[in-house]
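One structure below.
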Amino acid sequence: MKKQMPNEDRLSTKEVIGYGIGDLAYTMVFSFMSSYLLYYYTDIAGLTVGAAGTVMSCARLIDAAANPVVGALSDKTHTRWGKLRPYLLFSTVPLALSVILMLLAARIPAGGRSVYAMVTYAGFCLLYTVSNVPYSAMMPNLSEKSVQRARLNRSRMAFASAGSFLSMGLSLPFIGFFGQGNEQQGFLGLGVLFAAIILVLLFACFFNTKERIQPPPVPFSLKTLGQTIRKSQPWVLCCAIQFFHFLATSIRNSTTLYYTKYHLGSQDFASLLLASSSVMFFCAALLVPIMVKQYSKLMVSVTGYALFTAGTLLIYWAGTNLTMIFLLNCLSGLGASLSSSVSFLMLGEAIDHSEYTTGLRQQGLLTSVSMFMVKLGVMFSSAISAFVLDWGGYVPDQPQTAGGMSAIQANFVFLPAIGGAVCLAVLAFYRLDKEYPAIRETLNQKRGKGQV
């Protein structure tokens with residue numbers, strides 16, 4: 001591999017920002033789907049809770065299965081644009097169109113509405129995967145210097161938090177603005193806005209980044225993947241944490257609007273709760289670089305999940321006290337954000353550990369399998385939250401029975417807390433922080449570059 005010249009070591013501010021704004025687009029649309037799509041299907045498009053849960057779960061299952069395929073393909077790709085950037089170039093326009101098509105479901109005749117919702121949501125999820133998996137795997141290809149990767153990660157986290165804030169905090173106001181009392185029209189208007197943002201930001205990301213490091217193509221085989229699973233315990237643990245993290249947070253986000261509308265009697269309070277979580281994500285993006293210098297990544301992650309679990313459970317005892325619920329929501333949001341922010345660094349080190357133990361740099365595949373677990377978590381969150389609502393007897397736009405209220409509370413409080421507790425249990429087996437410096441030095445010597 002060609003040795004980098006000293007003047008190539010430091011990335012320009014333009015490139016650091018260019019990479020980060022990609023996650024502004026991805027997080028904005030992902031946060032919207034996680035927080036509002038179930039409500040759109042049940043209360044706007046008129047699907048039953050069971051039908052909506054089935055649509056979202058099946059589409060996510062198809063999407064999840066596509067993640068390893070996209071990862072394996074990206075590991076084999078080699079073009080004049082790089083290994084991963086071409087996927088952004090060719091998927092951006094279809095991805096933007098899929099958002100609009102998905103939010104036309106309410107206008108389809110009732111007889112075909114569920115099928116249309118399934119096809120369009122599955123199409124969106126597949127296109128999101130084709131675009132986002134290579135993007136997520138791209139950071140190590142932009143620079144192999146740890147300092148520069150940290151700059152890229154900070155940029156990504158800062159823009160992701162901004163995207164989450166804009167989506168969660170401003171979606172309902174924009175729906176009101178575009179709809180003028182017609183929520184169906186408001187959701188469609190917001191979809192058009194999201195499509196425009198996707199086009200502008202992802203093309204900007206493509207044209208303002210450059211893959212300096214391109215590992216040679218890696219052939220994929222199930223035997224190789226099996227060997228990786230056996231030898232790469234830190235990566236396996238990262239995948240497990242991704243699953244339970246997104247299971248917990250997606251169940252909570254997707255039922256926030258139900259909780260505020262029916263339990264608290266204030267639908268607009270949902271925007272404040274979701275936006276405050278996004279602000280906490282921005283705070284975590286600033287805190288994590290400082291905290292990992294003082295404490296291990298494992299300690300930061302454990303602290304985060306402890307705060308998330310405790311803050312979520314305490315909301316139950318806050319009753320309908322909006323001030324206490326807001327403060328506890330900020331606490332749990334900060335905890336989830338700390339753990340999520342440091343997870344990207346932990347995953348990168350886990351991929352280095354895999355290369356150390358297997359001799360192969362399967363960057364695209366390992367990133368995509370990690371994202372496969374994210375998608376599985378989101379998929380199961382849709383199925384579980386819809387099942388719990390259906391089991392409790394939830395009826396859209398009606399006063400809820402005791403069973404319906406209990407189901408909403410279970411989704412918003414107890415199930416997310418259980419997910420956070422499971423993440424803490426998984427972290428008890430994580431040991432890479434202590435082993436990583438020696439692994440990094442060995443890999444550097446292997447590449448003949450000295451210590452990075």
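The values are calculated or read from the model by the stated rules, or taken from the named source; none is laboratory data. The structure presented is a predicted model; accordingly, all values stated were derived computationally and were not measured. Methodologically, a virtual Cβ is constructed for each residue, glycine included, from the backbone with ideal geometry; neighbour enumeration extends over all protein chains shown. Remember, those area values only see protein heavy atoms, side chains included, never the ligands or the DNA or RNA. Shrake-Rupley method; radii C 1.70, N 1.55, O 1.52, S 1.80 Å.
Here are some notes:
- Residues residue 429 and residue 115, FRET efficiency given R0 of 45 Å [Cβ-Cβ distance, rounded to 0.05]: 0.55
- Using R0 = 35 Å, the C-beta based FRET efficiency linking residue 293 and residue 231 works out to 0.75.
- In range of the label at residue 97: residues from region 117-135 whose backbone nitrogen is under 20 Å from the point 7 Å along Cα→Cβ: 117-132
- Nearest 10 degrees, 0 to 90: helix 269-294 Cα axis against the chain principal axis: 20
- Between 0 and 90°, nearest 10: helix 233-258 axis offset from the chain longest Cα axis: 20
- Using the average count of surrounding beta-carbon atoms within 10 Å as a protection proxy, the listed peptides 169-177, 345-353 rank, highest first, as 345-353, 169-177.
- Kirkwood analysis of the Cα pair distances in region 338-407 returns a hydrodynamic radius of 15.2 Å.
- Whole-percent P(r), region 142-191, all Cα pairs, 5 Å bins from 0: 5, 21, 16, 13, 10, 9, 9, 8, 6, 3, 1.
- Length gained on full extension, residue 414 to residue 65: 122.8 nm, using 0.36 nm per residue less the C-alpha separation.
- The local environment of residue 30, defined by Cβ-Cβ distances under 14 Å, has a net charge of +1 under the rule Lys, Arg +1 and Asp, Glu -1.
- The residue among 110, 32, 57 whose Cα reaches farthest toward the positive pole of the charge dipole of region 1-156, with charges on the beta-carbon of Lys, Arg, Asp and Glu, is 32.
- Length-normalised contact order of the chain in % [C-alpha pairs under 8 Å, at least 6 apart]: 26
- Apolar share of the accessible surface for the chain: 68 percent from carbon plus sulfur atoms, 1.4 Å probe.
- Rounded Å value of the spacing that divides the Cα centres of region 162-183 and region 118-139: 23
- Over region 382-441: Rg over Rh, Cα atoms, Kirkwood Rh: 1.37
- Rg/Rh for the chain, where both radii come from Cα atoms and Rh is the Kirkwood radius: 0.96
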